[in-house]
Amino acid sequence: MTYFRNNNAYIEKDGLFSIEKIFDCGQCFRFERDDNGFSGVAFGRKLRLYDEDDYTVFENVAEDEFNKIWKDYFDLSRDYNGINDMLCRDGTAAKAVEASRGIRILRQDRWETLCSFIISQNNNIPRIKKIIGRLCESLGTDIGGAYTFPSAEVIAKAGAEKLAVIKSGFRANYIADAALKVASGQIDLDAAGKMEYEEAKKYLMTIRGVGPKVADCVLLFGYSFLSAFPKDVWIKRVIDKYYGDSFDEKIFAPYGGIAQQYLFYYERWISSGKRQ
DNA sequence: TCCCAGGCTCTCT
DNA sequence: AGAGAGCATGGG
């Protein structure tokens, strides 16, 4: 049940919405833990969430904003229970489901997702967050103590040299190239959403710095292409460890992307004693 | 100090 | 097609 009171939105806890896991699973880099919850910016708006006994609270969110933005952002209409049950037919995935219950695949802004995962390559999550934070502070819009993610147009206008301050290293040229292609219309991110998965992936990979893994992350976290199965170092580790060379992500179809995210979270959770 | 990080591009076979 | 070096930066 969801209800609205005192200008807050309350969603009843059902074990399938964990703000901690959602924002700690590496799909999104703009939310941080605060006193008793998480806060960040998405789609140009500040959002703060925290848990009460039986409800998760969307602070200062009215009904129309909830329905217009956050319901889709948090993928609240999808039946994760049914998907989890299906994935549990695989033994390893079942363990990952157990650890990951409450993760939801966000529907993030496409440009922000593209740009963020270009930055993510050969990088670690704490540093990715810092670089994106500096990008928003230097080129985003101040919305009162927080900054929006800068548009492709703004970044394109700034150019690669202006990106030096975000210390993204060799990725600066890739960001600038992506911004130029998107701002000029050479790449139409909405058009990609109307394509089939394979076609959309090839389309995104025409951007410099976007290979198969980054493209899959963008398609999964920005487009909800749930068949996208990003293969990063962690997932390759998972495949080696639990499955072997014969692994084929089609065993999770059509929810490979969700399985991937669970496995990614699970493996990082297991090794969290040593490294984040 | 060293190894590694939600990889990709370029070059050489 | 596949292997390998190089890439900027900084977290651990």
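The values are calculated or read from the model by the stated rules, or taken from the named source; none is laboratory data. From a predicted model like this one, the values you see are computed outputs, not experimental measurements. For neighbour counting, all protein chains shown are included, and Cβ atoms are generated from backbone atoms with ideal geometry for every residue, glycine included. Accessible surface is based on the protein model in full, side chains and every heavy atom, while ligands, DNA and RNA are left aside. Shrake-Rupley method; radii C 1.70, N 1.55, O 1.52, S 1.80 Å.
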Taking only protein heavy atoms and a 1.4 Å probe, what accessible area per residue, in Å², does chain A have with all protein chains in place?
48 Å²
Rounded, prolate or oblate (a/c below 1.5 giving rounded, otherwise prolate when a/b exceeds b/c) for the stretch A:2-77 by Cα gyration tensor:
rounded
Amide H of A:A42: which non-local residues (sequence gap of 5 or more, or other chain) have their own amide H closer than 5 Å, using H built in the peptide plane?
A:L47
Near the amide H of A:R101, under 5 Å away, which other amide H atoms are found, from residues 5 or more places off or on another chain, if H is placed in the peptide plane?
none
Taking 0.36 nm per intervening residue step and subtracting the Cα-Cα distance, what contour gain separates A:I125 from A:S272 on full extension?
51.6 nm
Accessible carbon and sulfur surface of chain A relative to its total accessible area, %, 1.4 Å
46 percent
If you plug each phi of the stretch A:146-157 into the Karplus form 6.51 cos²θ - 1.76 cosθ + 1.60 with θ = phi - 60°, what whole-Hz ³J(HN,Hα) values come out, in order, with x for Gly and Pro?
9, 10, 6, 6, x, 5, 4, 4, 5, 5, 4, 5
Given a Förster distance of 25 Å, report the FRET efficiency between A:D142 and A:N6 from their Cβ-Cβ distance, rounded to the nearest 0.05.
0.40
Which of the chymotrypsin sites (Phe, Trp or Tyr not before Pro) found in the stretch A:96-195 are in a DSSP loop and have at most 12 neighbouring Cβ atoms, other than their own, within 10 Å?
A:F170
Could you give the spread of the C-alpha atoms of chain A along their three principal axes, from largest to smallest, in whole angstroms?
54, 48, 40
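Output the direction-averaged projected area (hull surface divided by four) of the convex hull of the alpha-carbon atoms of the stretch A:155-207, in nm².
Dividing the Cα hull surface by four gives the mean projection, 3.8 nm².
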Would you calculate, for chain A, the mean residue ellipticity at 222 nm contributed by helices, counting each DSSP H stretch of 4 or more residues as -39,500 (n - 2.57) and dividing by all residues, to the nearest 500?
-12500 deg cm²/dmol
Modelling each spin label as a point 7 Å along the Cα-to-Cβ direction, I'd like the A:L76/A:D53 distance in nm, to one decimal.
2.2 nm
7 Å from Cα along Cα→Cβ at both A:D64 and A:K162: what's the point-to-point distance in nm?
3.3 nm
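Using DSSP loop states and a limit of at most 15 other Cβ atoms within 10 Å to flag trypsin sites (Lys or Arg not before Pro), what is the longest stretch of chain A containing no flagged site?
Numbers: sites that count: A:K13, A:R89, A:K167, A:K194, A:R208, A:K231, A:K274, A:R275.
Value returned for the longest uninterrupted segment is A:90-166.
Quote to one decimal, in nm, the extra length available between A:D35 and A:K95 on full extension: 0.36 nm per residue of separation minus the C-alpha distance between them.
Value of the extension gain: 18.6 nm.
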Which GluC sites (Glu not before Pro) from the stretch A:170-276 combine a DSSP loop assignment with at most 10 other Cβ atoms within 10 Å?
A:E196
Extension gain (nm, one decimal) between A:Y243 and A:R45, 0.36 nm per residue minus Cα-Cα
67.1 nm
